[in-house]
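The values are calculated or read from the model by the stated rules, or taken from the named source; none is laboratory data. Everything numeric in this text was worked out from a predicted model, so none of it was measured. Please note: Cβ atoms are built from the backbone with ideal geometry, for glycine as well, and neighbour counts cover all protein chains shown. Side chains included, ligands, DNA and RNA excluded: accessible areas come from the protein's heavy atoms. Shrake-Rupley method; radii C 1.70, N 1.55, O 1.52, S 1.80 Å.
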There are 2 protein chains.
Amino acid sequence: MYLAKITIGLKEGMLDPEATAIRHALGNLGYETDELRTKKLFLVRFDATDAREAEEKARGMCERLLANPVIHHFEIEVHR
Amino acid sequence: MYLAKITIGLKEGMLDPEATAIRHALGNLGYETDELRTKKLFLVRFDATDAREAEEKARGMCERLLANPVIHHFEIEVHR
């Protein structure tokens, strides 16, 4: 059994209106920020024969469902 | 300048319909999973006099805006 930690974020230069809204709201509460980025994390547990297969599966999940390759980049960490 | 990495997830036992839907869709693509959790990551850069103040500020942002204490738990990592 493997645990894949998949982090999905917007590619450099993509507009992030959610981050803009949060920065604005934080500013209204007195928290001045210089930068804010939002990402999505998926922790997925599944069977694989070895770490290499686990990473390939996780990459397939990203490419076929979790991420939109036009706007997202993703990072995968696989743990036993 | 500090960078706070804030991870927000649902508390143990809270229903996560998004995760259920994603597991279902992954299964339809041939990816059987045993568990899937979704979390939100915020990378926030801001000024603080020291690491302790930076962590306090990040905690304040969570408690006052980013997290809903009824359903979420959060973790904070502060880096220079």
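Figures for the structure shown
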| quantity | calculated |
| --- | --- |
| Per-copy distances of the residue A:64 label point, shortest first, in nm (7 angstrom along Cα→Cβ) | 4.6 |
| Count, lysine Cα pairs under 15 Å in the protein assembly as shown, 8 or more residues apart or across chains | 18 |
| Helix A:51-61 axis, angle to chain A major axis (alpha carbon atoms, nearest 10°) | 50 degrees |
| With DNA, RNA and ligands ignored, accessible area of residue B:14 (1.4 Å probe; Å², nearest 10) | 80 Å² |
| Interatomic Cα distance distribution for the protein assembly as shown, bins of 5 angstrom, percent | 2, 9, 16, 18, 18, 15, 11, 7, 3, 1, 0 |
| Computed accessible area, residue B:35, all protein chains, 1.4 angstrom probe, square angstrom | 60 Å² |
| Accessible surface of residue A:79 - all protein chains present, 1.4 Å probe, nearest 10 Å² | 90 Å² |
| Copy-to-copy label separations for residue B:13, where each label sits 7 Å from Cα toward Cβ, in nm and ascending | 4.9 |
| Restricting region A:1-54 to trypsin sites (Lys or Arg not before Pro) in coil, as DSSP defines it, with at most 15 other Cβ within 10 Å | A:11 |
| Estimated 222 nm signal from helices in the protein assembly as shown, with DSSP H stretches of n ≥ 4 weighted -39500 (n - 2.57), rounded to 500 | -9000 deg cm²/dmol |
| Segment residue B:1-residue B:35, length gained on full extension (0.36 nm per residue, minus Cα span) | 8.5 nm |
| Measure of compaction for chain A (Cα Rg per 2.2 N^0.38 Å) | 1.38 |
| Across the identical copies, how the residue B:32 labels are spaced - nm, sorted shortest first, 7 Å along Cα→Cβ | 5.7 |
| Tilt relative to chain B, helix B:17-28 - C-alpha long axis, 0 to 90 degrees, to 10 | 50 degrees |
